[in-house]
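For reference, the structure is listed below as structure tokens.
Please treat every number below as a calculation from the coordinates, not as lab data. Note that the structure is a prediction, hence the values are computed from the model and not measured. With ideal geometry, Cβ positions are generated from the backbone for all residues, glycine too; neighbour counts draw on all protein chains shown.
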Amino acid sequence: MAWDALHRRDGRHGRIGVEIGSDLSFTVESDQRPGADAQERLLPRFFGSLLDLFDVQRWAPSAAAALSVRTVIEVWLDGHGLRQELVGMAPTGPPEEFSAPKPVGTRTTFHLDPSFCGAGEAIAWALRPEELHGEACREHPSPTTFPIYDLRSPLGD
């Protein structure tokens with residue numbers, strides 16, 4: 001998920017932040033511009049949800065949602081925000097408006113299904129920002145660091 005948020009459609013790097021709430025929950029926020037219609041309105045996209053495929057290379061949010069018991073996705077554009085909750089890939093209702101915290105961006109929180117992902121199996125304990133860069137990143141250099149807030153106890157409490 002962090003790799004997907006970091007790498008924009010044009011090959012450049014965006015600004016992201018990651019918060020790991022537990023072994024089965026995490027949030028990724030990015031400054032990627034969400035999909036909108038010709039009038040610049042945010043609209044539900046993938047299966048009626050706010051998940052935005054962008055193109056065939058942007059499958060990670062949908063895959064993570066499919067493995068989750070609950071996903072909360074927030075998208076904002078020009079100060080207008082929409083929030084929606086999903087169970088798996090299915091929206092629990094229509095998007096709700098909220099005051100956007102920034103001009104553009106996306107924040108998605110995933111609560112992974114423990115029947116698919118065991119505790120300690122889904123989220124690395126030693127995630128490092130520089131591990132998310134590959135050969136193609138040399139064409140569009142950017143800072144390799146971004147905040148990763150891991151709120152888990154190292155003792156597994």
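Some observations on this one:
- Database remark: amide H of SER25 closer than 5 angstrom to the amide H of LEU112 (H placed geometrically; neighbours at sequence offset of 5 or more, or on other chains; Pro and chain starts carry no H).
- Residues GLU19, GLU97 arranged by fewest to most Cβ contacts within 10 Å: GLU97, GLU19
- Note that the stretch 20-27 has calculated 3J(HN,Hα) couplings of 9, x, 6, 4, 10, 9, 7, 10 Hz, one per residue in order, obtained from phi through the Karplus relation 6.51 cos²θ - 1.76 cosθ + 1.60 (θ = phi - 60°); glycine and proline are x.
- With θ taken as phi - 60° and the Karplus curve 6.51 cos²θ - 1.76 cosθ + 1.60 applied, the whole-hertz 3J(HN,Hα) list for the stretch 75-84 is 10, 9, 8, 6, x, 9, x, 10, 10, 8 Hz, x standing for glycine and proline.
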